[in-house]
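These notes concern the structure reproduced below.
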Amino acid sequence: MRGAFGKPCGTVARVHIGQPIISVRTKLNNEANAKEALRRAKFKFPGRQKIFVSKKWGFTKWERDDYERMRAAGELVPDGVNVKHARKQGPLAAWIKLHSD
């Protein structure tokens, strides 16, 4: 009776329609390689998957052209794998702390 009907045989993740399964961050010149890797990986999952290329810079909330403009203007401060928006208002001590690097 191995593998009998109705018996659990492993663990699964509940994924909703439209929910990202895998996200990849890569340089622009490696985009074709990442698309091919995701195309091959989607055969390992049941159902239909869609490869979506974001217009945003990495995992930030800003689009690529806005990110480059804001970074050049000094409005964004690196914070690990993400960035912080340096506001032009607020206490001077907080501004000095962000820009002390």
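The values are calculated or read from the model by the stated rules, or taken from the named source; none is laboratory data. The shown structure was predicted, so the numbers you read here are calculated from the model rather than taken from an experiment. When we count neighbours, we look across all protein chains shown, and the Cβ atoms used for this are built from the backbone with ideal geometry, even at glycine. Areas reflect the complete protein model, heavy atoms only, side chains present, ligands, DNA and RNA absent. Shrake-Rupley method; radii C 1.70, N 1.55, O 1.52, S 1.80 Å.
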Seminar exercise, completed: Taking the range 64-101 and keeping residues in contact with a Phe, Trp or Tyr (Cβ under 6 Å, 6 or more places away or on another chain) and more than 19 Å from Arg25 (Cα to Cα) leaves none
Exercise. Are any of the residues in the range 79-97 open to solvent by 90 Å² or more (accessible area, probe 1.4 Å) and either of a type in the set (Phe, Trp, Tyr) or touching a residue at least 40 places away in the same chain (Cβ under 8 Å) (or both)?
Worked result: yes
Exercise. So which of Gly80, Gly58 is touching a helix residue (DSSP H, G or I) at 6+ places or on another chain (Cβ under 9 Å) and on the phi > 0 side of the Ramachandran plot?
Worked result: Gly58
For this session: Could you please find all residues in the range 27-43 being open to solvent by less than 80 Å² (accessible area, probe 1.4 Å) and modelled with pLDDT under 90?
Result: none
For this session: Select, from Arg69, Arg14, Arg48, the only residue that is free of Cβ contacts under 8 Å to residues at least 40 places away in the same chain, under 23 Å from the mean Cα position of the chain (by Cα) and not in a loop (DSSP other than H, G, I, E, B).
Result: Arg69
